[in-house]
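Read through the structure below, which is laid out as structure tokens, and then see the notes.
The values are calculated or read from the model by the stated rules, or taken from the named source; none is laboratory data. On a predicted model such as this, the values are computed, not experimentally measured, just so you know. As a convention, Cβ positions derive from the backbone with ideal geometry for all residues, glycine included, and neighbour counts pool all protein chains shown. Heavy atoms of the whole protein, side chains included, go into the accessibility calculation; ligands, DNA and RNA do not. Shrake-Rupley method; radii C 1.70, N 1.55, O 1.52, S 1.80 Å.
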Amino acid sequence: MDSLSQLTLGAAVTVAVMGKRVPLWQAALVGAVAGTLPDLDVFIDHGDAIRNMTLHRTESHALIFLTLFAPLLGWLVAGATRSRAHWRGWTLAMWLALITHPLLDLTTVYGTQLGLPLTDFPYAIGSMYIIDPLYTLPLLIALLVALWRRDAVGLRWNQAGLLVSTLYLGWSMVAQSIATQHIEQALTQQSVQPEQLLVTPTAFNTLVWRTVIMTADRYGEAYWSLLSPGRPLQINWHDRQPALFAPFKGQWHAERVAWFSHGFYAMKQQGDRTLISDLRMGEEPDYTFTFNLGSPQSPELAPQREPSMRPSLAQAWHKLRERL
């Protein structure tokens, strides 16, 4: 999720745990920092764009490592705030602020390796878009009310914000399940038998869902809306060009993208350049993560990420209205 959501969640959780044992602004500030800490791994350069993508959300998002780190962080915070008597409370607050970060990331489609060191599988539910105001705004407003009032009523507002935002996460999974069921029925009616199916929300909402339909040699993209469930599913098909992957089979960078994307990838030839795209993020023809692998004869040793075109807010709003 975006940094504002993570920062707000960390602050709200810490305020809820610490209550009035410490100044609310202090709890919120510490929680905001703790909620942001796991994402500092983005500043680590692993040598190339594919490593940077697939090694983000690894050790810094692993539940075991964060759990081990929480007591130390709680002890340091208790000392820095001169509240040693509350170090147990700080430890619990820091643990919750830290682990809710990867758990929130888990709801997006990117992939979070929260099982390290036991497994490096990039878990992803994919029920939330990376930015969703309906998740963040209730949490932020309730937190601001708590900081403004600084009393028991304010703390109840903060708790209500956490409850509403968490229920919204639950709703996103219910909506995803409903969308998936309708899309599967539509595919059956069209005699389409996908090898893999991905259903994720479009930008800023949980009403319009994008689906990626994978077959052996092509992939389809379609949109389904909760507000018009009976509308026929219109699938736009594209060539996966799997033959382009064959010369790169066994090559680390190509295999890494195929693994990290859970098989939702496609190839493209541009002159002497072979491109590989993660189809989960972005939409046709612009994907957030597209990399230049070079050529089979001269593969790139450090593949770079291709620039992608992001629609303006006006374009995004126009598309959302059409799809709703």
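Quick one: would you say Thr206 is out of contact with any strand residue (DSSP E or B) (no Cβ under 7 Å at 6 or more places or on another chain) and closer than 20 Å to Ser127 by Cα? Reasoning before the result, please.
Details: out of contact with any strand residue (DSSP E or B) (no Cβ under 7 Å at 6 or more places or on another chain): yes; closer than 20 Å to Ser127 by Cα: yes.
Against the criterion (out of contact with any strand residue (DSSP E or B) (no Cβ under 7 Å at 6 or more places or on another chain) and closer than 20 Å to Ser127 by Cα), Thr206 qualifies.
For the stretch 20-35, a residue qualifies if it is part of a loop (DSSP other than H, G, I, E, B) and either among the aliphatic types (A, V, I, L, M) or touching a helix residue (DSSP H, G or I) at 6+ places or on another chain (Cβ under 6 Å) (or both), and the qualifying residues are Arg21, Val22. Within the stretch 57-86, the set of residues being within 30 Å of the chain's Cα centre (by Cα) and free of Cβ contacts under 8 Å to residues at least 12 places away in the same chain comprises Leu68, Leu72, Leu76. One residue stands out among those in the stretch 153-177 that are among the β-branched types (Val, Ile, Thr) and open to solvent by 60 Å² or more (accessible area, probe 1.4 Å): the one that is nearest to Trp237 (Cα to Cα), which is Val174.
Suppose we keep only residues that are of a type in the set (Gly, Ala, Ser) and within 20 Å of Gly35 (Cα to Cα) within the stretch 124-152. Which one would you say is surrounded by the fewest Cβ atoms within 10 Å (Cβ to Cβ)? Break it down into steps so the answer makes sense when it comes.
Filtering the stretch 124-152 for residues of a type in the set (Gly, Ala, Ser) gives 124, 126-127, 142, 146, 152.
Filter once more, keeping what is within 20 Å of Gly35 (Cα to Cα): 124, 142, 146.
Numbers: Ala124: 20, Ala142: 25, Ala146: 26.
Here the answer is Ala124.
Take the residues in the stretch 40-59 that are in a helix (DSSP H, G or I) and not hydrophobic (A, V, I, L, M, F, W, C); name whichever of them is surrounded by the most Cβ atoms within 10 Å (Cβ to Cβ).
Kept after step one, since they are in a helix (DSSP H, G or I), are these residues of the stretch 40-59: 40-43, 49-54, 59.
Filter once more, keeping what is not hydrophobic (A, V, I, L, M, F, W, C): 41, 51-52, 54, 59.
On the way: Asp41: 16, Arg51: 17, Asn52: 15, Thr54: 22, Glu59: 15.
Among residues in the stretch 40-59 that are in a helix (DSSP H, G or I) and not hydrophobic (A, V, I, L, M, F, W, C), the one surrounded by the most Cβ atoms within 10 Å (Cβ to Cβ) is Thr54.
Listed here are the residues, each with its yes/no results for (1) farther than 19 Å from Gly294 by Cβ; (2) modelled with pLDDT under 95; (3) surrounded by 13 or more Cβ atoms within 10 Å (Cβ to Cβ); (4) not aliphatic (A, V, I, L, M).
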site	(1), (2), (3), (4)
Gly220	yes, no, yes, yes
Tyr223	yes, no, yes, yes
Gly250	no, yes, no, yes
Arg256	no, no, yes, yes
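Restricted to the stretch 237-266, and to residues there that are closer than 16 Å to Arg51 by Cα and among the aliphatic types (A, V, I, L, M), the residue that is farthest from the chain's Cα centre (by Cα) is Ala254.
Checked against (1) touching a helix residue (DSSP H, G or I) at 6+ places or on another chain (Cβ under 8 Å); (2) open to solvent by 30 Å² or more (accessible area, probe 1.4 Å); (3) not aliphatic (A, V, I, L, M), Trp209 passes all but condition (2). Looking only at the stretch 87-109, which residues are over 24 Å from Ile130 (Cα atoms), in contact (Cβ under 8 Å) with a residue 40 or more places away in the chain and either not in a helix (DSSP H, G or I) or not aliphatic (A, V, I, L, M) (or both)? Listed by number, the residues that qualify are Gly89, Trp90.
The C-beta contact set for the stretch 232-255 (first residue on the phi < 0 side of the Ramachandran plot, second residue assigned to a helix (DSSP H, G or I) and of a type in the set (D, E, K, R), distance under 8 angstrom, 6+ apart or interchain) comprises Phe248/Glu255; Lys249/Glu255. Does the stretch 16-37 contain at least one residue that is touching a Phe, Trp or Tyr at 6+ places or on another chain (Cβ under 7 Å), at pLDDT 95 or above, buried (at least 24 other Cβ atoms within 10 Å of the Cβ) and over 20 Å from Ile131 (Cβ atoms)? Within the stretch 16-37 (the criterion being touching a Phe, Trp or Tyr at 6+ places or on another chain (Cβ under 7 Å), at pLDDT 95 or above, buried (at least 24 other Cβ atoms within 10 Å of the Cβ) and over 20 Å from Ile131 (Cβ atoms)), the answer is no, since none of the residues qualifies.
Could you please find all residues in the stretch 1-15 being surrounded by fewer than 20 Cβ atoms within 10 Å (Cβ to Cβ) and either touching a residue at least 40 places away in the same chain (Cβ under 8 Å) or among the β-branched types (Val, Ile, Thr) (or both)?
Let us first name the residues in the stretch 1-15 that are surrounded by fewer than 20 Cβ atoms within 10 Å (Cβ to Cβ), namely 2-4.
Result: Asp2, Leu4.
Residue-by-condition table, conditions (1) exposed (fewer than 12 other Cβ atoms within 10 Å of the Cβ); (2) touching a Leu at 6+ places or on another chain (Cβ under 8 Å); (3) of a type in the set (Gly, Ala, Ser):
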| residue | (1), (2), (3) |
| --- | --- |
| Tyr265 | no, yes, no |
| Gln269 | no, yes, no |
| Asp272 | yes, no, no |
| Phe291 | no, yes, no |
| Ser298 | yes, no, yes |
| Ala314 | yes, no, yes |
| Trp317 | no, no, no |
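Of everything listed in (1) closer than 24 Å to Asp105 by Cα; (2) touching a helix residue (DSSP H, G or I) at 6+ places or on another chain (Cβ under 7 Å); (3) touching a residue at least 40 places away in the same chain (Cβ under 8 Å), the single unmet condition for Leu155 is (1).
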